[in-house]
Each structure stands twice: as structure tokens, then as C-alpha cells.
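Peer 1: Sharing a structure, written as C-alpha cells. Questions coming.
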């Protein structure tokens, strides 16, 4: 056991003496959380809208006021005819046009059923979806105020179900679980594979293999410091999310930390697997980037919603571990659900981790020899 | 007891025979030179003896332990220094020594005594707490050698230990080798420097996976009718290339 600790101590020297490693370890999570949380948010403020009001009634005016006072929309023009709509969009400034048909107020007040049309500029697809969701939500809020009793709401507007837990579609809510899985993957998989490749490159791996240290001791000695550092990193990101970005932590912190550990373990197995394939640090880095990080960024649902991917990519995304982890983190932090609702993604992660760890241990023996 | 014994030790990689039925033995405390051109199979042979590679066939023992069944015991009693050394640049001199002592299971008091002894012996007192990266190459090599001996191994394997340094530094390194051999450590060394071959008690020369010659440097020179080991090596190497 003392031999093992001598080895782990050496690993900590490597990590703590390398400024670049330290920067990646602790600078990156901070930078990413801040960047994604504040700067790259897909939240929309002051989107330019135009209103085409054929109704000129009480309800159409009140609803327009409500939309404009929400802070998300800014009125640029009042249109008077249908033909203006296309021209307005073509100019490119207006992202949303709200159309109240003739008799809107009348239908609403007397028929209990009225229609409002939301036209969005779908050349910016994500913005269009977001704006539709915002507006729909505000209209529903108006409707709820108008129907103080439990009477069935009467306006016909489609509602997106995923907005239930994030009614304002706050960007940070979506990004933080994504950033977390990305950082953990980066630290655990990339750094582990690089540190093992470095020993191969410098020839010290050979010396370690000749020493009485067993292969498992060498591996776990490599993995243990990163397990610890990744876990600290995970905690930092959660804390930043909660205290800085105001993400709720509705579920159990213990469960969240356990799931984080599971994901770290999975990432470390991936790192070990990469290190069995890569003999130089450069190759280790490339494999990690191409095979692990890019798919995680693009296919995990972190940047692009899985539901709007082509069928083929949706299938590919099922093998991206981060996809399940993101679901779990969102589930625990935002929805506040427990293991009873999350056992499925948890099981998937667990199976993936087991298979990967077994594969890397199996693969490792002949390669190191 | 012989320090190293091999009998028809063979390693094949697919169809390629890297070492072909090599048979030799090395006495305790001997400095045994293992010569050969690149690709002649000397590294493969050494790796089998160190337990890094499983032989395809043949027999071998190191310090009396069988390379097939007792590789764990072998690891305890051998030291190893590769051509790339074995030191970590981002650790200090003292930390490197303590690390290797640690993984060979030295206890705390022993470890302290050993590190002090090595630092004093190599005259590294002033740089003991400096990062190893700042040391000159010759110093690193001598430190790596001392570290390879930290657990008092019975046999130490040196794989081209003196690459890239001048003859004077090489000479200093060999003084350390003689000292270790004098204390009873068996030295198994590969090299391409022919002046180093002269320093060995006995030399084997490998060509294309086989041992072509094995004797003391003096006897080999006599046998091949030349006055230097370089001459012996040239005759053997050219002999195969023209066949």
C-alpha cells in the first residue's frame, strides 16, 4: 500500500507543478460556466416584434401591452395589412409578428374561443421556437388572469410541454448540466489519457512496468488523483450554477453528487480506453477531442435539441454518455425528481461505465507489454 | 548461482523471429555487455529477462527465478534503466529518489538514508531540491543509475544507458558501474559504443536475432584477428550483410 501511495503522491506533484494542467483543471470550468451562463445564453431579450391588429378591441390591446411589457419583446411597427407582413420579415429586423383577427375581442368575450396568430422568422430556427414559446406563455398568463375561476381555458394556443419546468427558458438551466458533463469528461478522460501517454512517451512507463508495482496499481494511481479533482470540479460547477446563475437545486444534493461520481467513473474508463490506443500525448488529445468532446458538444443535447436532430443522429446520440448525465442533472436540479424517475439513465450510465472499464482493462495488458 | 541463464530463448512477432534460440549465462557480479546493431534483437532479449515480454519458447532464469512463472519475484530483485532514463523532469532530485525507493517498498528510515547517501555520493547536495529537468545529461544518467540500484537489486539491466554524452562523462558513468559490480551487483548492459564494450568482463554480439560471438573482449579480438572491439563488430556485422 505504501508503494501505491508513493505513486499517487508523484501524480499529485505532476498535476500541481504543471500550470497548464492547473489552468485546465480550475480555470476552464469557471470560464465555461460564466461564458455559457452569461454571454452565450440563448435567452432572448427585446426581440423586435410587429403587431397586426385587425380587431382594435379591448382584449387585443391588453394582450399587446402584456406582451410588450414582458421585457422580451419590443414593438417596432404596427402593421395595417397582411401584405406588410412578408415585407417586414424580409427587412430582417422583426422576428415575430402577432396577428389579431377581426372580432378577436368579440369572440373571446362572447364565444369563449378566439385565435391569435404568431408568425416567426424561421430562418433563425431556435430563436423562432423560443419566441413562440415566450409569447404563448404570456398569452396563457393573460388568459389565466381573465379566467380566475377554474373554468377551462378557452384560447386555442399550442403549448410546449418542456416549458413547464423552465417557463422563462433560462439559458443557464440548459447549459450548466452540459458544461458540467463537458468539463468532467475533459478532466477525467482527456487528462487521464494524456498523463498515461506521457509516461509512455518519456519511457518512464517501461520503468514502472519493470518495478514491482502491479498494472492495476499503476492505473489506479493514475486515476485516483483525477477522480478527486474531477469531483471537486463537479462541486465547483454545481456551486457556481446555484449561487451565481441562480439555478435551483430542487432535488437531493446527495443523489446529484452520487450521479456525478458515476459519470466521473465513466469518463475515467473512457480515458483509460483512449490511453490504451494512444502512445503519444498528441494522439491521446486528438482521440479525446474527436471521439469524446465533439460528439458530446454536438450530440448530447447540450447545444442542439436532440428532438430536432435527424433520425440518424438521434440514434447516434443514444451512445453519448453525457446525454444521460445531462438528463439526470436537469432532473435533479430543476425538476427535483429522485432516483425513482431517474433509474433508467442511471442504469444506462452504470452499464456503460462497467463495459468501458472492462474493455479498457482487457485492452490494456497487451498494449502496455 | 548464475545471475542470468537462458537456454534457446526465442521470441517471435508473427513470422519475424526477433531473438532466435539464444543461450548464455551471466555470473554474479559480472559486467555482461550485450552488443548488436539496431534491430538485432538485444532489446527484445532484455525485455524478456525483465518480464516485460513473454518469450515464445526456450527457458530463462533471472537471479534463480523463472521468467515464465516468477516474474513478480524477478521484479523485486532487478533494477532497470532505459535509454530514455527513468527520471521525472518535473520532480526534484530528492523526490525522484524517494519515488523510486517508495515503489520498491523501502521504509521511511531506509528511504531517507538512501536518498542522503545518493545525493552525497553524486555530489548533488546543492541541487537536491531543484527540478531534475535542470540537471545536465551526464548527471541525470548517473542519478538514474543510482536510482535503479536503490533497492540493492541482484541484477541491473542497462539499455544503452550512456547515449548522447561525451567519452569523459561515459567514463565517469562506467566508474559507477565498476563500483556496483564490485559490490556484487550483476550488470547486464546493451550499448553501441565499442569503447564501452572494452570495459565489460564478457561481451556477446547479436546479429539478426542470434548470438554470433560471446567471450571476453580480449579473446574476441584474438579470435577475429583485430585489435579493437570495433573491428570484431565490423567483421561480424559485415559478414552477415554480404551473405
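Peer 1: Measure nothing fancy, just the Cα-based angle from helix A:215-239's long axis to the longest principal axis of chain A, in degrees from 0 to 90, nearest 10.
Peer 2: Relative to chain A, helix A:215-239 is tipped by roughly 30 degrees.
Peer 1: How long are the semi-axes of the ellipsoid equivalent to region B:116-243, from square roots of 5 times the Cα gyration tensor eigenvalues, in whole Å, largest first?
Peer 2: Equivalent-ellipsoid dimensions as semi-axes: 33, 15, 12 Å.
Peer 1: Can you give the average number of partner chain beta-carbon atoms within 10 Å of each beta-carbon in peptide A:17-25, as a whole number?
Peer 2: The mean count of partner-chain Cβ atoms within 10 Å per residue comes to 1.
Peer 1: Does anyone have the angle between helix B:167-182 and the longest principal axis of chain B? Alpha-carbon axes, 0 to 90°, nearest 10?
Peer 2: 90 degrees
Peer 1: Springs between alpha-carbon pairs under 10 angstrom, Gaussian network model over chain A: which of A:226, A:142, A:134 fluctuates most?
Peer 2: Maximum among the listed residues: A:142.
Peer 1: Classify region A:21-116 as rounded, prolate or oblate, taking a ≥ b ≥ c as the square roots of the eigenvalues of its Cα gyration tensor: rounded when a/c is under 1.5, otherwise prolate if a/b is larger than b/c and oblate if not.
Peer 2: Since a/c reaches 1.5 and a/b is larger than b/c, the shape of region A:21-116 is classed as prolate.
Peer 1: Out of all DSSP beta bridges in the protein assembly as shown, what portion is antiparallel? Express it as a percent rounded to 5.
Peer 2: 45 percent
Peer 1: Okay, next question. To make sure I understand, if each residue's beta carbon is the centre and we count other beta carbons within 10 Å, what order do B:106, A:185 fall in, fewest to most?
Peer 2: With the fewest neighbours first, B:106, A:185 line up as B:106, A:185.
Peer 1: Another one. Can you tell me the relative contact order of chain B? Whole percent, Cα pairs under 8 Å, sequence separation 6 or more.
Peer 2: 26 percent.
Peer 1: Follow-up question, since we're still on this one. Measure nothing but the geometry: give the 0 to 90° angle between the long axis through the Cα atoms of A:253-277 and the longest principal axis through the Cα atoms of chain A, rounded to 10°.
Peer 2: 60 degrees
Peer 1: Something else about it: I want to verify a result. In a Gaussian network model of chain A, Cα cutoff 10 Å, which of these has the top mean-square fluctuation: A:47, A:189, A:353?
Peer 2: Maximum among the listed residues: A:47.
Peer 1: Determine the relative contact order of chain A: mean sequence separation of Cα pairs under 8 Å and six or more apart, normalised by residue count, in whole percent.
Peer 2: Contact order relative to length: 18 percent.
Peer 1: Nearest 5 percent is fine: what portion of the DSSP beta bridges confined to chain B is antiparallel?
Peer 2: Of those bridges, close to 50 percent are antiparallel.
Peer 1: Another question, if that's okay. Run the numbers on region B:155-243 and let me know its relative contact order in percent, using alpha-carbon pairs under 8 Å that are six or more apart.
Peer 2: For region B:155-243, the relative contact order is 22 percent.
Peer 1: Could you list A:56, B:192 so that the one with the fewest beta carbons within 10 Å of its beta carbon is first and the one with the most is last?
Peer 2: Fewest to most other Cβ atoms nearby, the residues stand as A:56, B:192.
Peer 1: Taking beta carbons within 10 Å but only from partner chains, what does the mean come to for residues B:43-56?
Peer 2: Going residue by residue through B:43-56 and averaging, the value is 1.
Peer 1: I need the shape label for region B:41-82. Rule: rounded when a/c is under 1.5, else prolate if a/b > b/c, else oblate, with a, b, c from the alpha carbon gyration tensor.
Peer 2: Because a/c hits 1.5 or more and a/b fails to exceed b/c, region B:41-82 counts as oblate.
Peer 1: Right, something else. Using a Gaussian network model of chain A with C-alpha springs under 10 Å, which one of A:209, A:28, A:289 is most mobile by mean-square fluctuation?
Peer 2: Among A:209, A:28, A:289, the largest mean-square fluctuation in the Gaussian network model of chain A belongs to A:209.
Peer 1: In deg cm²/dmol, rounded to 500, what helix-only [θ] at 222 nm does the protein assembly as shown give when every DSSP H run of at least 4 residues adds -39500 (n - 2.57) and the total is split over its residues?
Peer 2: Calculated from helices alone, the mean residue ellipticity at 222 nm is -15500 deg cm²/dmol.
Peer 1: Mind checking the mean number of beta-carbon atoms from other chains within 10 Å of the Cβ atoms in A:205-218?
Peer 2: Mean shielding by partner chains, rounded to a whole number: 6.
Peer 1: Kindly identify the protein assembly as shown as rounded, prolate or oblate by the Cα gyration tensor criterion: order the square roots of the eigenvalues as a ≥ b ≥ c, call it rounded if a/c is under 1.5, otherwise compare a/b with b/c, prolate if a/b is larger, else oblate.
Peer 2: Note, shape of the protein assembly as shown comes out prolate.
Peer 1: Determine, for A:186, A:290, the number of other Cβ atoms within 10 Å of each Cβ, and report the residues in order from fewest to most.
Peer 2: Ranking A:186, A:290 by Cβ neighbours within 10 Å, fewest first, gives A:290, A:186.
Peer 1: Moving on to the next point. Taking Cα centroids, how far is region A:80-106 from region B:51-112 in Å?
Peer 2: 80 Å
Only the coordinates and a few stated rules stand behind these numbers; no lab work does. In this text, all values refer to a predicted model and were calculated from it rather than measured experimentally. Here the Cβ is made from the backbone with ideal geometry for all residues, glycine too, and neighbour counts use every protein chain on show.
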